[in-house]
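Peer 1: Here it is, the structure, as structure tokens.
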Amino acid sequence: MEVILDSVVEEIVKKYGFIIFIAGLVLSIIFAEGGLAGYIKTKLDTRRVLVENIDLEKKNGLLKGELERIEKDDRYLEELVRSKYGFLREGEKLYRVEK
């Protein structure tokens, strides 16, 4: 029985061994660490980070413009401080009218 099984396995390996080898090689290329799946994931992560970087650069530019305007435009600074933080000029009084 064992001899027959060995001969059957040997026949299968001779007949389909190359196909099994190629299939294993392809699967390892696709799914192994550093394979095709890893490459695609890395490409997608890189693309996501680049898009995030572009978004942060835009926000950084807006913030630099805002800072420059605050540093150079006293009226804008006063308006910002009054509206955002509720500051009043000396001698001013704040009246709140509730409905």
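The values are calculated or read from the model by the stated rules, or taken from the named source; none is laboratory data. As the structure is a computational prediction, the values presented were derived from the model and not from experiment. Ideal geometry is used to build each Cβ from the backbone, glycine not excepted, and the neighbour counts take in all protein chains shown.
Peer 1: Test residue 47 against the criterion of being assigned to a helix (DSSP H, G or I) and at pLDDT 90 or above, and give yes or no.
Peer 2: Judged against the criteria, residue 47 is a match.
Peer 1: Say we look at segment 1-44 and pick out the residues that are loosely packed, with under 10 Cβ neighbours inside 10 Å and assigned to a loop (DSSP other than H, G, I, E, B); which of these is farthest from the chain's Cα centre (by Cα)?
Peer 2: The selected residue is 1.
Peer 1: Then there is this: Please find, within segment 63-98, the residue that is modelled with the highest pLDDT out of those that are in a helix (DSSP H, G or I) and exposed (fewer than 10 other Cβ atoms within 10 Å of the Cβ).
Peer 2: That would be 72.
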